[in-house]
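**Q** Mind looking over this structure? Questions follow.
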Amino acid sequence: MSALALQTAPSLLVPPKTPSLSAHASRAKIAETAKAFEATFLSSMFATMFEGLSTAPPFGGGESEEAFRSFYTEAMAKDVVKHGGIGLAKHIQAEMLKLQGLPPEPPPVGVTPKVNPAMSAGLASYQGQSL
């Protein structure tokens, strides 16, 4: 290759960038970020839900309850996400994987989707019929 060709094609001299994280670590980070986003979203929703609530003294109310309510809603949101959430993280994770150019999560090995027998029978009865 001539010197002129090397000057006009500098990308040939630089090796392609490899991601600093492995694909598995990247997927784990994306899943963690998606769950954190869902928790933040839920915390905001819970905060709105608790805005109109008032508790009567001597067991509630006052400035201290208002100050610590955000901690309560955040903890409650994290607990909801820890136990499955509302499904938002799954969709956020799929979009983030798509943006990173990674394929969607494959299903676990040996896991087959559950099929409702009644639904299968209903679909089978429609086969061959025109709609």
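**Q** Quick one: putting +1 on the C-beta of Lys and Arg, -1 on the C-beta of Asp and Glu, what dipole do you get for the range 20-105 around its Cα centre, in Debye to the nearest 20?
**A** The calculation lands at about 480 debye.
**Q** Hey, if you put +1 on the Cβ of every Lys and Arg and -1 on every Asp and Glu Cβ in the range 20-105, which of Pro104, Ser54, Ser43 ends up farthest toward the positive end of that dipole?
**A** The residue sitting most towards the positive pole is Pro104.
**Q** Round to the nearest 0.05 the FRET efficiency obtained for Ala23 and Arg69 when R0 = 41 Å and r is the Cβ-Cβ distance.
**A** Given R0 = 41 Å and the Cβ-Cβ separation, E is 0.50.
**Q** Something else now. Two decimals is fine: what is log10 I(q)/I(0) at q = 0.12, 0.15 Å⁻¹ for the range 20-105, from a Debye sum with one equal scatterer on every Cα and no solvent?
**A** Values returned for q = 0.12, 0.15 Å⁻¹ are -0.48, -0.63.
**Q** Report the relative contact order of the range 20-105, percent, no decimals, based on alpha-carbon pairs under 8 angstrom and at least 6 residues apart.
**A** 43
Where a number appears in this text, it was derived from the coordinates with a stated rule and is not lab data. The shown structure was predicted, so the numbers you read here are calculated from the model rather than taken from an experiment. Note that we place each Cβ from the backbone using ideal geometry, even for glycine, and neighbour counts take in every protein chain shown.
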